[in-house]
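Single-structure report; data block below.
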Amino acid sequence: MASLIKRFGITSLIIIALAVAKPTFVFANEKFSKRFKLVVEGRYLFMNREAQTYAELMDWNGNSAGTLEIEPDYTWTGKAGLGIQFTETFDIFASYSGLKSKGEDSYLLSYYTGSPWPLNLLSKNYRYYWNAATAEVETSYQVIDFEAGHTFKLGGSDIRLSAGVRYADFNQEVNTAFQYFAYVFNERRNVDTWGVGPRLGLNFKLPIFNSGLHLVGAAGGAVLFGKTESVTDEWIEGTNYYDQALYSDSRTFYSTEGELGLAFIGKMTSGGDISVVLGYRCEHWKDINYTQTNPSFFLGNSFGTNNADQFFHGPFVQIGISF
């Protein structure tokens, strides 16, 4: 991960250096001064409930005492991009996107007695309540894209086709804790999935009369090849008990995304352009999470994720400057 971020930083520095140099290219007897572009974007994304993480806790009889369901509902996230347009039709662009969200749940667990001793000496109608069990989940991802684009006219629209490389790292950590008499049982599961692969994209820009407003949109998809690793730790506070389960396997996963918005594009006094885009975006990550249930080493509890896919959607605001 560190090496990829380093490469991204080097690429960004090269792009900045080219921007400062301001070379002039000549194509088809027409001079074109290279343009530098900077993009900053803020997003407010909702997460799909189908990918909720759960923790099912069992009683001594092997019956379910209750289920904790954790589903982060929304999160602030963002994107930053840097690019350079060499000609009217050719450009390169590098970007970084990040997301981080948290969710939690609590439950008052209970079960009927019957075993083991001395609980079996009590009435069958007696119902023992655990202290409230708690669980929290933290989900995050980092995405780095590098692409080359070709822009052409189609009617009154600008169409840009792009091809490049995407790196993505998805991480999810689940922590649960519940108390039984004087003991506090803890479990932590961390899943990390990363991959690198090709990405194709399409952007369009359609002017709305001469108002300075444009209808803009984008779509893209990538296939990523990488690895999934999972670490599950269990321990009981106040004792020496500790255990760990490891999982690691290669993985191929996919990402698709689309957005639609309204853009205002104006001229700056310095001669460059400034754009403000208000829109809505959706992104789907298929097979990115680890769904296999991790059985607890005590009491037969189980922890897992209902769906290997993640779906995010929500509004965004983007500001772009080119000069």
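The values are calculated or read from the model by the stated rules, or taken from the named source; none is laboratory data. Every value quoted in this text rests on a predicted model; they were computed, and no experiment measured them. Counting neighbours? That spans all protein chains shown, and the Cβs are built from the backbone with ideal geometry, glycine included.
Pick from 201, 155: which is more than 16 Å from the chain's Cα centre (by Cα) and surrounded by fewer than 19 Cβ atoms within 10 Å (Cβ to Cβ)? Can you show your working first?
Working: 201 fails: surrounded by fewer than 19 Cβ atoms within 10 Å (Cβ to Cβ).
Only one candidate passes the filter, namely 155.
Among the residues of region 299-317, is there at least one that is crowded, with 18+ Cβ neighbours inside 10 Å and modelled with pLDDT of 95 or more?
Checking region 299-317: at least one residue is crowded, with 18+ Cβ neighbours inside 10 Å and modelled with pLDDT of 95 or more.
Mind checking which residues of region 235-283 are of a type outside the set (Ser, Thr, Tyr) and not in a strand (DSSP E or B)? Show your work before the answer.
Within region 235-283, the first condition is being of a type outside the set (Ser, Thr, Tyr), and the residues that meet it are 235-238, 240, 243-246, 249, 251, 253, 257-268, 271-274, 276-279, 281-283.
Within region 235-283, 238, 240, 268, 271, 272 qualify.
Specify which of the listed residues (256, 239, 252, 269) is surrounded by 13 or more Cβ atoms within 10 Å (Cβ to Cβ) and not hydrophobic (A, V, I, L, M, F, W, C). Full working, then the answer.
On the way: 239 fails: surrounded by 13 or more Cβ atoms within 10 Å (Cβ to Cβ); 252 fails: surrounded by 13 or more Cβ atoms within 10 Å (Cβ to Cβ); 269 fails: surrounded by 13 or more Cβ atoms within 10 Å (Cβ to Cβ).
The match here is 256.
Across region 204-218, what is the number of residues that are aliphatic (A, V, I, L, M) and either in contact (Cβ under 8 Å) with a residue 60 or more places away in the chain or surrounded by 15 or more Cβ atoms within 10 Å (Cβ to Cβ) (or both)? Steps first, please.
Taking region 204-218 as the starting set, the residues that turn out to be aliphatic (A, V, I, L, M) are 206, 208, 213, 215-216, 218.
Still in the list and also either in contact (Cβ under 8 Å) with a residue 60 or more places away in the chain or surrounded by 15 or more Cβ atoms within 10 Å (Cβ to Cβ) (or both): 206, 215-216, 218.
So the answer is 4.
Would you check if residue 103 is of a type outside the set (Val, Ile, Thr), closer than 28 Å to residue 143 by Cα, at pLDDT below 85 and surrounded by 14 or more Cβ atoms within 10 Å (Cβ to Cβ)? Break it down into steps so the answer makes sense when it comes.
Values: of a type outside the set (Val, Ile, Thr): yes; closer than 28 Å to residue 143 by Cα: yes; at pLDDT below 85: yes; surrounded by 14 or more Cβ atoms within 10 Å (Cβ to Cβ): yes.
Criteria met by residue 103.
Report yes if some residue within region 224-232 is modelled with pLDDT under 90 and not in a strand (DSSP E or B); otherwise report no. First the steps, then the outcome.
First, the residues of region 224-232 that are modelled with pLDDT under 90: 230-232.
So of that shortlist, the ones also not in a strand (DSSP E or B) come out as none.
So far as region 224-232 goes, no, none of its residues is modelled with pLDDT under 90 and not in a strand (DSSP E or B).
Hey, any hits in region 86-93 for a residue that's modelled with pLDDT under 90 and either outside any strand (DSSP E or B) or surrounded by fewer than 19 Cβ atoms within 10 Å (Cβ to Cβ) (or both)? I'd like the intermediate steps shown before the answer.
The first filter runs over region 86-93 and keeps only residues modelled with pLDDT under 90, leaving 88.
Okay, now just the ones that are also either outside any strand (DSSP E or B) or surrounded by fewer than 19 Cβ atoms within 10 Å (Cβ to Cβ) (or both), so 88.
Yes, region 86-93 contains a residue that is modelled with pLDDT under 90 and either outside any strand (DSSP E or B) or surrounded by fewer than 19 Cβ atoms within 10 Å (Cβ to Cβ) (or both).
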